[in-house]
Amino acid sequence: MADDDLLSRLGAVRERLAEIDRSVADPALAAHQSRLRDLMRERARLSPIQDKAILRAALRADLDAARAMWAEAGPDARGWIDAETTRLESRLGELERELRLLFLPRDPRDDRGVIVEVRAGAGGEEAALFAADLLRMYVRYAERRGWKTELLGANETGIGGFKEVSLGIEGDAVYSRLRFESGVHRVQRVPETEAGGRVHTSTATVAVMTDPDEVEVEIRPEDLEIDTYRSSGAGGQHVNRTESAIRITHKPTGIVVTCQDERSQIKNRAKAMKVLRARLFDMQLQQRERQIASERRAQVGTGDRSERIRTYNFPQNRVSEERMDLTLHHLREILDGNLDELLDPLIAEDQARQLRGVEP
């Protein structure tokens, strides 16, 4: 992005913020809460750009002043001025890179909540236990970031694992942080049931799907087969007494969603429909992205769920990110929700790839 282009965009941001402020000040807007919410969200996104633009102007003024001083300074002062000039040029370069990052095209899904599905893969009960570990990791990470979570559905095993589990997460920039989690996660450890102390390798698959609006996914009632059945598993006297559990089959695609977490059949149906809608929307997006074969081909991977993205090695206390040269040696902290050390480099690499794509 050339300087002229950057200046033009900064000017457009300044004008847009002034326009938003005028709109927000209009008392009539109070009757349109959704519009007000959208404007405030846009303002929150543009304000950091304006703040950096102001700082950029100040740095440029300081740099011009330092260069003017150098021309008039004696030999003794020029060394200090050279050092100050170098510092200002370095900070200005960093700031302009930050601005270019802020101007990168935003994924429209970034502001949405997500549904994270974790499914046990190869490894039987150990894979199901690993799926439970991953679920806890995402819940703890959400807690660290102040996000709201909701268990949408779970198919539990008898010893605390999950064959499949769905977690809804709402909060600021959820999708932009978690979108790189889609793929195959591999664990290497000694199962509790292993008497010989041998290390087993198991896998679990993670899918991160945006939570769509109802208008974005058309679901015709005639395409659904809805069955009710009695809940199973933990639940006390309620279990097997009422047919509150729901199974929804989407006949055109064969997608099956079940939910038995609530005692209310209505609530279970609502949760199951939420997951079904997200799966269908995700299917549409994946089909669209496959048509653009060159999109999102980078070191951070394609996000394909058949792609192994990470290995958790318990004997070595090691987590290895397969999509880049990154290994961390505090596995327990990561499984306790300390994910930023893994996610930040992936996000930075994706941003660098995008910059390479837009810069001459």
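Any read-out appearing in this document is the output of simple, stated calculations on the displayed coordinates, not a laboratory observation. Everything numeric here is computed off the predicted structure, so don't read it as measured data. Don't worry about glycine lacking a Cβ; one is built from the backbone with ideal geometry, like all the others, and counts go over all protein chains shown.
Straight-distance candidates among the lysines for linking to Lys267, with alpha-carbon spacing under 29 Å and chain neighbours fewer than 8 residues away dropped: Lys148, Lys163, Lys251.
Listed values for segment 34-48 are Karplus-derived 3J(HN,Hα) couplings in whole Hz (6.51 cos²θ - 1.76 cosθ + 1.60, θ = phi - 60°), namely 5, 5, 4, 4, 5, 5, 5, 5, 5, 5, 5, 6, 8, 4, x, and x replaces Gly and Pro. Approximating the spin labels as points 7 Å out from Cα along Cα→Cβ, the Ala68-to-Glu307 distance works out to 5.2 nm. Rounded to the nearest whole Hz, the Karplus-based 3J(HN,Hα) values (6.51 cos²θ - 1.76 cosθ + 1.60, θ = phi - 60°) of segment 324-334 follow the sequence 7, 7, 9, 9, 10, 10, 9, 4, 4, 5, 5, with x at glycine and proline.
Just checking the listed ones, Leu129, Leu95, Leu331: in the Gaussian network model of the chain with Cα springs under 10 Å, the one fluctuating most is Leu95. When Trp147, Trp70 are arranged by Cβ crowding within 10 Å, least crowded first, meaning fewest neighbours, the order is Trp70, Trp147. Remark: relative contact order (the chain) = 15 percent; criterion is Cα-Cα distance under 8 angstrom and separation of 6 or more residues.
Exposure proxy ranking for Arg323, Arg16, Arg177, based on other Cβ atoms within 10 angstrom of each Cβ and starting from the fewest, stands as Arg16, Arg323, Arg177. The phi-based Karplus calculation (6.51 cos²θ - 1.76 cosθ + 1.60; θ = phi - 60°) puts the 3J(HN,Hα) values of segment 149-154 at 10, 8, 6, 9, x, 8 Hz, whole numbers, x for Gly and Pro.
Amide H contacts of Ser182: Val208, each under 5 Å away and 5 or more positions distant or on a separate chain (H built 1.01 Å from N in the peptide plane; Pro and chain starts excluded). Calculated [222 nm] ellipticity per residue, helices only, for the chain: -16000 deg cm²/dmol; basis is -39500 (n - 2.57) per DSSP H run with n ≥ 4, divided by all residues, nearest 500. Quick one: Thr205, Thr85, fewest Cβ neighbours within 10 Å first, how do they rank? Listing Thr205, Thr85 from fewest to most nearby Cβ atoms yields Thr85, Thr205. With contacts taken as Cα pairs under 8 Å and at least 6 residues apart, segment 3-102 reaches a relative contact order of 28 percent. Spatially, segment 262-279 and segment 96-111 are offset by 34 Å when compared through their Cα centroids. Go ahead and run the numbers for FRET between Glu222 and Arg318, Cβ-Cβ distance against an R0 of 30 Å, rounding to 0.05. After rounding, the FRET efficiency stands at 0.05.
Near Phe162, the amide H atoms lying under 5 Å from its own belong to Leu129, Ala131, Ala132, Thr157; only residues 5 or more places off or on other chains count, and H is placed 1.01 Å from N. An oblate overall shape is assigned to segment 1-143, the ratio a/c of its alpha-carbon gyration tensor axes (a ≥ b ≥ c) being 1.5 or greater and a/b not exceeding b/c.
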